[in-house]
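The values are calculated or read from the model by the stated rules, or taken from the named source; none is laboratory data. Just so it is clear, the model here is predicted, and its values are computed rather than measured. FYI the Cβ positions are ideal-geometry reconstructions off the backbone, even for glycines, and counts take in every protein chain you see. Calculation scope for accessible area: heavy atoms of the full protein, side chains included, ligands and nucleic acids excluded. Shrake-Rupley method; radii C 1.70, N 1.55, O 1.52, S 1.80 Å.
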Amino acid sequence: MCKYVKNAYLAGMTRKVIFLFLFLSFFINEDYTASANAGRDSDVNNSKLNRDLLLKVFNDYRTHGTRCGRKIHTPVIPFAWSDQLTVVAQQFSDALHANRSNPAFVQRGGFDFQDALRNAEYDYMSFFQSHARLTPDFTEKSYVEWLMDNEGACNQIMDAGFTEIGVAKTELFWVLVLAAPKIPHYWNVDSININLLVEETNRYREMGARCGNQYFPPVEPVVWNERLAEAAQLHSNDMKENQFFDHTGTGGSTLVSRVEQTGYRYRNIGENIAMGETQTEVIVVEGWMNSPGHCRNIMNGSFTEMGVARSGIYWTQVFGRPWSD
């Protein structure tokens, strides 16, 4: 059983209508050209990029927030560098360079990003790529600044759903790849069985349950959502690192602020937390069901999605209903 459990629920929050389209996987292609002085055709130049500088410049925008055209983006979590995404980016930039007399061949199907990501053994929920033919004098800093001046690329870079990045270049072509991995970098090394957590939660929802003195009839199952899992992981990590157990995090973070930090737009949200040294997926859900407040969150039919995370002995479960529902 749970040693300690707490729950929180927020409903009916007023939010601007935002159309949010979620897909298991999707492909977005951005093609830019800036080559007024493209220079001579030469052999591929695979000189190494300064990854630390690239990350710093990208993450300065991410962690401070910025405007992309008419849209103002609030701060989001920083990118983590992915060697796998970088390999795919390099393969694409090499292909563009090899076909530089006819790059449209590569752009229109001569390079399959999904295949390249699978070959790199990169499991993703979604990804975005941008490629550009630029003059040789572009640096890491000027490249990022140039991307941020483009409204479409800027919005993707500031999307909290993308958490990993890879960049590569040849003498003429730069390639950026962003992705939402199935196992995000912000996850703690304490792994959990996602399928079992969803299965256990939905087992109670589909049966109906009594939460204290209130009976809840069967409700529709919830599905896993990575952004809610991110909000859960942020809080579990915070509780472990700062040795506390509460819905209010260090620095005054709340369920609302953590969920909004991930970019999840919602109608309703709720949170359960638990702490204990002998917890398993089955035991932690059972413990929540034995606590009326947590049980009500699990049996709340207005929720359609959830995410769970663990860090050490600290568990967090976040429920939500997206604004688009």
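All Cα-Cα distances of the stretch 197-276, cut into 10 Å bins from zero to the largest, leave 15, 40, 34, 11 percent in each bin in turn. In a DSSP loop and with at most 16 other Cβ atoms within 10 Å, the GluC sites (Glu not before Pro) in the stretch 231-301 are E277. Each principal axis of the stretch 265-312 carries a Cα extent, and these read 34, 22, 14 Å when sorted largest first. For the stretch 57-128, carbon and sulfur atoms together expose 46% of the accessible surface, with a 1.4 angstrom probe and every protein chain in place. Spin-label model, E145/W81: points 7 Å from Cα along the beta carbon direction are separated by 2.2 nm. Looking at the P(r) of the stretch 50-188, how many percent of alpha-carbon pairs lie beyond 25 Å? Result: 24 percent of Cα pairs exceed 25 Å. Remark: the stretch 144-223 carries 41 Å² of accessible area per residue (probe radius 1.4 Å; ligands, DNA and RNA excluded). Within the set K71/K182; K48/K182; K71/K169; K71/K141; K141/K182, which residue pairs have Cα atoms separated by over 25 Å? Table pairs above 25 Å Cα-Cα are K71/K182; K48/K182; K71/K169; K141/K182.
Between I283 and D137, the FRET efficiency from the beta-carbon distance, with R0 = 51 Å, is close to 0.25. I need the P(r) histogram for the stretch 233-325: all alpha carbon pairs, bin width 10 Å from 0 out to the longest distance, whole percents. Pairs per bin, as whole percents: 16, 50, 31, 3. How much of the accessible area of the stretch 177-259, probe 1.4 Å, is carbon plus sulfur, in whole percent? Roughly 51 percent of what the probe reaches on the stretch 177-259 is carbon or sulfur. Measuring r between the beta carbons of N119 and E206 and using R0 = 41 Å, the FRET efficiency lands at 0.55.
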